[in-house]
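Data first, discussion second: the structure below is written as C-alpha cells.
The values are calculated or read from the model by the stated rules, or taken from the named source; none is laboratory data. Every value quoted in this text rests on a predicted model; they were computed, and no experiment measured them. Every residue, glycine among them, receives a Cβ derived from its backbone with ideal geometry; neighbour counts consider all protein chains shown. For the accessible areas, the whole protein counts, side chains as well, though only heavy atoms, and no ligand, DNA or RNA atoms are used. Shrake-Rupley method; radii C 1.70, N 1.55, O 1.52, S 1.80 Å.
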Amino acid sequence: MLSFGQPGAPAFPQTLGAFPANLLVSITTIDPKIQSSYNQQASLQIERQLGDSTSLSLGYLHTRGLHLILSRNVNVPGAPASAGLPNLGRPDPHFANVSRFESSGVSSYDAMIISLNRRFEKWFGVRVSYTLAKALDDAGNVFFFTPQDNFNLRDDRGLSDSDQRHRLTLSGMLEAPNPPGKTLAARVVRGFQLSYIFSYGSRLPFNILTGADRNFDTNLNDRPIGIARNSGKGFNFASLDLRLSRRFRLTEKVQLETLVEGFNVLNRANLQLPNNTFGTGATALPSFGQPTAAADPRQLQFGVRLNF
C-alpha cells in the first residue's frame with residue numbers, strides 16, 4: 001500500500017498505472033464463477049379456533065441459504081516469517097494476500113412457532129408467541145466474512161451469528177370499562193387504555209478468538225485449538241414496553257388523546273457484545289466474556305394527539 005506523498009504514489013486524481021517493482025500488494029478479486037445467493041423455504045402451519053375470539057397456531061419453518069458470499073484468501077502464506085522464505089512461501093510470489101469474493105457459503109434455519117391469540121373484545125386482547133429455533137452457517141452474517149482455514153470451509157460450520165434458541169413475545173391491550181352515568185368514578189375511569197409488549201430472547205453466540213495469528217495466514221481470526229465457531233454464549237435480552245393513553249371527547253367529532261410511552265420500563269441492563277478474545281494461553285484473559293456494550297436503558301416519552 002502506498003501512502004499519500006510517498007515516492008511512487010500517484011498524485012490525486014491520477015491512478016497507479018502499474019505496481020511498483022519490489023512492492024508486494026494485497027488485492028481483492030471476484031471469483032468468475034460467483035453466483036447469486038438465494039433461499040429455499042418450506043413452512044407448515046396448523047391453526048385451531050378456541051372459542052369465539054381465541055385461536056392457537058403451531059407452525060414449522062425451514063430455510064436453506066445457498067451460495068452465500070464470503071471472502072477467502074487464495075494466496076495464503078506457506079510458512080511463518082521466522083522461516084525466512086521469500087514472500088512467506090505464498091503460492092503466487094508476486095502478490096501478498098489475494099482476497100477472493102466467492103459464493104461458497106451455505107446456511108440453514110429451523111424453527112417451531114407456537115402462538116396464542118385472543119382478539120380484542122370487551123376490554124382486553126392478548127397475543128403470546130414462542131419460537132424455538134436453530135440457525136447454522138459457515139459464512140457469518142457479514143459480507144467480508146473470512147474463514148479461519150481458507151482451504152477448509154467446513155471447519156467454520158457452526159451456529160449462526162443470529163442463532164437465538166428461544167424467543168418469547170407477549171403483547172396486548174387493556175381498556176378501562178366504560179361505566180354508564182356521569183359519576184366521578186365513571187369520569188375518572190373512562191377513556192384509559194394500556195398497551196404492552198414484553199420480549200425475551202435467549203443468549204446469542206459469539207466467536208471465541210485467540211487474538212493472535214495461530215495458523216500464520218496474516219489474519220487474526222483464529223480460534224483456540226478444538227473450539228468450534230460461535231461456541232461462546234453471550235447475554236440474554238428482556239424488555240417490557242408500556243403505553244398508557246387517555247381520550248377526551250372535546251366535541252362530537254374532535255377527540256384529544258394524551259399518552260405516555262415507556263421503553264424498557266424495568267430498566268433491565270441488557271448487556272451486549274462480550275469480549276471474545278480468549279488469549280493464547282490455557283487460561284482465559286480476565287476480560288474474556290465481559291460485556292463491552294449495553295442496550296438502551298429506561299426511556300419515557302410523552303405526547304398529545306388531536307383526532308378530528
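The rows are residues; the columns are (1) modelled with pLDDT under 90; (2) of a type in the set (Gly, Ala, Ser).
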site	(1), (2)
75	no, no
98	no, no
109	no, no
114	no, no
122	yes, no
149	no, no
162	no, yes
168	no, no
176	yes, yes
Residues in the range 233-273 that are in a strand (DSSP E or B), open to solvent by 40 Å² or more (accessible area, probe 1.4 Å) and more than 25 Å from residue 303 (Cβ to Cβ): how many?
5
Cβ pairs under 8 Å, 6+ apart, first in the range 286-300 and exposed (fewer than 12 other Cβ atoms within 10 Å of the Cβ), second among the small types (Gly, Ala, Ser):
297/269; 300/262
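Residue-by-condition table, conditions (1) open to solvent by less than 60 Å² (accessible area, probe 1.4 Å); (2) within 33 Å of the chain's Cα centre (by Cα); (3) of a type outside the set (Val, Ile, Thr); (4) farther than 30 Å from residue 93 by Cα:
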{"residue": "18", "(1), (2), (3), (4)": "no, no, yes, no"}
{"residue": "26", "(1), (2), (3), (4)": "no, yes, yes, no"}
{"residue": "31", "(1), (2), (3), (4)": "yes, yes, yes, no"}
{"residue": "45", "(1), (2), (3), (4)": "no, yes, yes, yes"}
{"residue": "50", "(1), (2), (3), (4)": "no, no, yes, yes"}
Just checking, how many residues over the range 218-232 are more than 30 Å from residue 89 (Cβ to Cβ) and buried (at least 16 other Cβ atoms within 10 Å of the Cβ)?
2
Take the conditions open to solvent by 90 Å² or more (accessible area, probe 1.4 Å) and basic (Lys, Arg) and apply them to residue 72. Does it pass?
no
Inside the range 52-65, the number of residues satisfying the requirement of being surrounded by 16 or more Cβ atoms within 10 Å (Cβ to Cβ) and either over 15 Å from residue 139 (Cα atoms) or of a type outside the set (Gly, Ala, Ser) (or both) is 1
